[in-house]
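Every number in this text was worked out from the coordinates using simple rules, so none of it is lab data. Predicted model, so just to flag it, every value in this text is computed and none were measured. We place every Cβ from the backbone using ideal geometry, glycine too, and count neighbours over all the protein chains shown.
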């Protein structure tokens, strides 16, 4: 699998820049946003994103509300929630809303990279299943000579 295309969304500018630099050293294509609103705008322009790493606690729109919007706009994009203030209830709520995983700050960069790779693989598997279902639907409807 190729390196995932990710977006970091967090209001802590120095944190985002540091993580983005560390991911760039691993040849992971990364874009950044410093608010949930900015992240949603950038998602519209980057429909090929694999994973969004999203902070829970931000001014304006929080990460849970952003997660709902992300899943409404791009249901296949995987989301890893970040927080320094985790509760079990928050993690459960995020997972119920479609988050792939939950990560506590501070974290090891290798742990984040592993979670991003897992999330990107999950997204790729979903896309492959959808493509296979589309092919099967065409074959069933039009026969084997239609689909090339």
Picked from the range 113-144 (must be without any contact (Cβ under 8 Å) to a residue 40 or more places away in the chain and in contact with a strand residue (DSSP E or B) (Cβ under 8 Å, 6 or more places away or on another chain)), the residue surrounded by the most Cβ atoms within 10 Å (Cβ to Cβ) is 115
Those residues of the range 44-64 which are in a strand (DSSP E or B) and under 9 Å from the mean Cα position of the chain (by Cα) amount to 51, 52, 53, 54
Handout entry: Test for residue 59: is it farther than 14 Å from residue 33 by Cβ, out of contact with any strand residue (DSSP E or B) (no Cβ under 9 Å at 6 or more places or on another chain) and exposed (fewer than 13 other Cβ atoms within 10 Å of the Cβ)
Key = no
Within the range 16-31, restricting to residues that are without any contact (Cβ under 8 Å) to a residue 60 or more places away in the chain, within 22 Å of residue 83 (Cα to Cα) and out of contact with any strand residue (DSSP E or B) (no Cβ under 8 Å at 6 or more places or on another chain), the one that is surrounded by the most Cβ atoms within 10 Å (Cβ to Cβ) is 18
* Any chance the range 118-130 includes a residue that's within 20 Å of residue 40 (Cα to Cα) and over 13 Å from the mean Cα position of the chain (by Cα)? -> no
Checked 82, 90, 40, 67 against criteria (in contact (Cβ under 8 Å) with a residue 12 or more places away in the chain, in a helix (DSSP H, G or I), surrounded by 15 or more Cβ atoms within 10 Å (Cβ to Cβ) and out of contact with any helix residue (DSSP H, G or I) (no Cβ under 7 Å at 6 or more places or on another chain)); the one match is 90
Filter the range 1-12 for residues that are touching a strand residue (DSSP E or B) at 6+ places or on another chain (Cβ under 9 Å) and surrounded by fewer than 21 Cβ atoms within 10 Å (Cβ to Cβ); the one that is farthest from residue 82 (Cα to Cα) is 5
